[in-house]
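Every number in this text was worked out from the coordinates using simple rules, so none of it is lab data. None of these values were measured; they are calculated from a predicted model. Here Cβ is always computed from backbone atoms with ideal geometry, including for glycine, and neighbour counts include all displayed protein chains.
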Amino acid sequence: MSHMTIVMQWHDWLALFGQYLLLSLLSISGAITTVPDMHRYLVAQHGWLTDAQFSSSVAIAQAAPGPNVLFVALMGWNVGLNAGGGIGAGPGAWLLGFFGLLVTMVGIMLPSTTLTYLATRWGHRNRDRRGVRAFKQGMAPVVVGLLIATGWVLAAGNHSGDAPAWHLWLLSAVATLVVWRTRVHLLWLLGAGALLGAIGFV
Amino acid sequence: MHPSPSGAAAPSDPPQPKSPRDLFVSFTWLALQGFGGVLAIVQREMVEKKRWLTPEQFLEDWAVAQVMPGPNVVNLALMIGDRYFGLRGGIAAVAGMLAIPLVVILMLAVLYAHYAGNPQVAGALRGMGAVSGGLIAATGIKLIPQLRKHPLGFAACLVFVALVFGAIALLKIPLGWVLLAVGGVACAWTWRRIAP
């Protein structure tokens with residue numbers, strides 16, 4: 001993956017941290033629903049990550065064990081590496097990578113976990129209140145729409161600037177169909193995607 | 001790996017974590033099994049194997065974890081840990097969920113960066129990226145039938161789904177505005193509909 005070299009000032013790190021603090025509060029139904037907004041911010045608006053770095057961060061986190069939110073750590077890690085001149089640039093770049101990881105992970109975790117900790121007991125005690133029920137039920141269709149949009153943005157992010165590759169769209173569509181209609185283990189699907197990519201189908 | 005043999009506890013003595021350390025180890029073990037998402041593993045380990053939660057408790061906790069902002073499984077870990085050992089337990093469970101998997105994922109990323117110039121590796125990751133887009137879209141599609149029981153009615157729900165999809169995926173409007181506008185209308189309308 002070709003990295004790019006960027007310059008990150010203190011106020012840039014602060015803006016990145018602030019953006020993740022905000023996204024944390026917006027990440028109803030999981031951090032994955034904020035992926036489109038992260039793409040808008042990191043790739044399109046600031047150019048701190050390449051498209052390839054962005055989608056590989058998500059793909060590696062999907063393939064690895066652990067909660068999916070760890071893709072956020074990889075995004076911060078990659079921003080830090082870019083700021084340090086790439087992974088080959090030595091310990092300085094690695095340190096910046098860890099710093100970036102810390103900025104994004106603390107940002108995405110701190111507000112939501114604090115809020116969850118405080119609100120869980122209250123919400124549990126008041127789960128029959130009209131306001132609590134209206135919020136829980138009212139957000140349901142919004143969350144569904146967000147998940148489908150996230151899948152779309154991720155699938156589209158794999159396409160480079162040239163002509164749209166229908167092979168990639170086909171693979172995304174088939175994966176959607178298989179997950180929707182069958183109980184095949186996700187790891188088999190990711191493996192099949194990796195294989196198809198490695199032999200040059202997509 | 002498991003401090004207590006599962007199924008050995010007496011029925012009068014409901015199984016529960018022994019200490020924050022037990023929580024940390026249990027959630028680390030759980031997270032390391034969760035390829036492509038941890039939720040299914042949480043259900044199997046917490047409800048079926050360790051029996052720290054009844055199925056009813058699990059459903060209730062899961063609903064709350066999902067409505068709150070933040071990663072769902074992390075919220076769930078926080079809630080379970082907090083129930084037994086307060087804030088200390090919550091932190092131990094969340095740290096277990098994240099610490100070791102974070103090390104694993106960084107090693108994978110470094111390995112990947114090393115081989116990224118290789119066209120097969122780049123292609124493999126592109127293929128996996130296309131698949132993971134499909135996985136997430138399918139997660140959303142699977143939830144659509146649940147909207148049939150929604151107080152707003154199925155058709156109105158589908159309109160909200162389409163509005164959010166169009167605003168985020170096609171028009172690329174920032175998430176905050178979409179949540180505020182579409183989510184606000186959906187919640188307010190639901191509030192009116194469920195009037196006693």
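Some notes on this structure:
- Residue that is surrounded by the fewest Cβ atoms within 10 Å (Cβ to Cβ) [pool: residues in segment B:88-116 that are farther than 22 Å from A:Gly100 by Cβ and under 20 Å from the mean Cα position of the chain (by Cα)]: B:Ile91
- Residues within segment A:9-51 that are surrounded by 21 or more Cβ atoms within 10 Å (Cβ to Cβ) and under 20 Å from B:Leu135 (Cα atoms), tallied: 13
- When the residues of segment B:142-190 are filtered to those that are of a type in the set (Lys, Arg) and part of a helix (DSSP H, G or I), the one that is surrounded by the most Cβ atoms within 10 Å (Cβ to Cβ) is B:Lys142.
- Criterion violated by B:Ala63 - all others in (1) crowded, with 21+ Cβ neighbours inside 10 Å; (2) facing another protein chain (nearest Cβ under 9 Å) satisfied: (1)
- Within segment B:93-131, the residues that satisfy the criterion of being of a type in the set (Gly, Ala, Ser) and without any contact (Cβ under 8 Å) to a residue 40 or more places away in the chain are B:Ala109, B:Ala113, B:Ala116, B:Gly117, B:Ala122, B:Gly123, B:Ala124, B:Gly127, B:Gly129, B:Ala130.
- When A:Leu187 is tested against (1) buried (at least 18 other Cβ atoms within 10 Å of the Cβ); (2) within 21 Å of the chain's Cα centre (by Cα), only condition (1) is not met.
- Listed by position, the helices (runs of 4 or more DSSP H) inside segment A:1-119 whose residues that are of a type in the set (D, E, K, R) number at least 1 are A:10-26, A:35-39, A:51-63.
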